[in-house]
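Colleague: Take a look at this one; I'll ask things after.
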Amino acid sequence: DQQVKQNSPSLSVQEGRISILNCDYTNSMFDYFLWYKKYPAEGPTFLISISSIKDKNEDGRFTVFLNKSAKHLSLHIVPSQPGDSAVYFCAAKTQGGSEKLVFGKGTKLTVNP
Amino acid sequence: DAGVIQSPRHEVTEMGQEVTLRCKPISGHDYLFWYRQTMMRGLELLIYFNNNVPIDDSGMPEDRFSAKMPNASFSTLKIQPSEPRDSAVYFCASTTKPYGEQYFGPGTRLTVT
């Protein structure tokens with residue numbers, strides 16, 4: 001039972017263009033969402049997060065959009081740079097109770113120069 | 001700060017042997033998490049501690065797995081006996097507050113032959 005789904009295993013974009021990574025979730029109790037970036041042979045690093053009381057959060061080139069009715073969130077990277085090439089994980093958690101993060105399986109982004 | 005430290009970085013062992021993975025969280029962080037990453041299941045939480053106390057171990061796959069946190073600066077994940085299906089990358093992460101982003105270590109790549 002995969003509660004957080006990233007249906008695109010990979011994405012390739014040109015440098016300078018927009019990268020859009022998508023994530024769907026099934027558990028309506030999730031109320032906090034995070035994106036992590038992972039380079040090979042390293043641990044995931046936190047990128048950006050959003051609470052369910054918002055529908056958008058922006059940090060520099062990175063913007064996360066949340067559509068609660070569709071149970072969908074997306075990460076936009078504008079403009080994309082070759083250094084953004086990595087695996088991106090979407091994660092979700094519920095308020096109260098366990099501090100458990102549920103991760104998607106990741107999307108490998110390749111930004112071509 | 002040195003970040004989350006994990007050792008060893010690589011471990012190769014034979015089936016049936018005991019394996020101990022180690023983690024030193026970031027100083028001052030009171031939450032510690034153990035994750036396992038595989039191709040099939042992605043990144044999944046095994047167990048997490050708060051103030052050295054195990055809070056949620058529902059992700060521990062079976063009795064062969066055990067985790068301890070004897071003090072605020074050290075945790076171990078032990079597999080006894082190890083099996084080939086335990087081959088994965090094991091990550092440790094820490095954070096200082098709920099909803100706070102988790103800081104991951106570089107991981108231990110375990111291979112059981």
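Colleague: Where does segment A:57-113 land on Rg/Rh, using Cα atoms and the Kirkwood Rh?
Modeller: 1.03
Colleague: Placing +1 on the Cβ of each Lys and Arg and -1 on the Cβ of each Asp and Glu in chain A, which of A:Y88, A:N7, A:S52 has its Cα farthest towards the positive end of the resulting dipole?
Modeller: With unit charges placed on the Cβ atoms, the residue in question is A:N7.
Colleague: Sticking with this structure for a sec: Quick check on the protein assembly as shown: what are the equivalent-ellipsoid semi-axes from the Cα gyration tensor, as sqrt(5λ), descending, whole Å?
Modeller: Over the Cα atoms of the protein assembly as shown, the semi-axes work out to 30, 20, 16 Å.
Colleague: Averaged across B:29-41, how many Cβ atoms of other chains sit within 10 Å of each residue's Cβ atom?
Modeller: Mean inter-chain Cβ contacts per residue within 10 Å come to 2.
Colleague: Ok, one more. Which three semi-axes in whole Å describe the equivalent ellipsoid of chain A, each the square root of 5 times a Cα gyration tensor eigenvalue, listed largest first?
Modeller: Three semi-axes, in Å: 23, 15, 12.
Colleague: Ok, one more. Starting with the fewest neighbours, write out B:H10, B:H29 ranked by other beta-carbon atoms found within 10 Å of each beta-carbon.
Modeller: B:H10, B:H29
Colleague: List the extent of the Cα atoms of chain B along each of their three principal axes, largest first, rounded to whole Å.
Modeller: 38, 27, 27
Colleague: Work out the length of the dipole vector of the protein assembly as shown about its Cα centre, built from +1 on the beta-carbon of each Lys and Arg and -1 on the beta-carbon of each Asp and Glu, and round it to the nearest 20 debye.
Modeller: The dipole magnitude comes to about 340 debye.
Colleague: If you don't mind, there's one more thing I want to ask. Quick one: plug the Kirkwood hydrodynamic radius of segment B:1-56 (C-alpha pairs) into Stokes-Einstein at 4 °C, 1.567 mPa s, and report D in µm²/s.
Modeller: 98
Colleague: Can you pull out the trypsin sites (Lys or Arg not before Pro) in segment A:1-65 that DSSP calls coil and that have at most 15 other Cβ atoms within 10 Å?
Modeller: Here the sparse-neighbourhood loop sites are A:R17, A:K54, A:R61.
Colleague: Longer than 18 Å from Cα to Cα, which of A:K68/B:K97; A:K38/B:K68; A:K105/B:K97; A:K100/B:K24; A:K100/B:K97; A:K54/A:K93 are they? Say none if no pair is.
Modeller: Cα-Cα > 18 Å for A:K68/B:K97; A:K38/B:K68; A:K105/B:K97; A:K100/B:K24; rest within.
Colleague: State to the nearest 20 debye the size of the charge dipole of chain A about its Cα centre, where the only charges are +1 on K and R beta carbons and -1 on D and E beta carbons.
Modeller: Rounded to the nearest 20 debye, it is 140 debye.
Laboratory data are not the source of any read-out in this text; all were calculated from the coordinates shown. Here the structure is a predicted model, which is why all the values come from computation and not from measurement. Cβ sites come from the backbone with ideal geometry, for glycine too, and all protein chains shown count toward neighbours.
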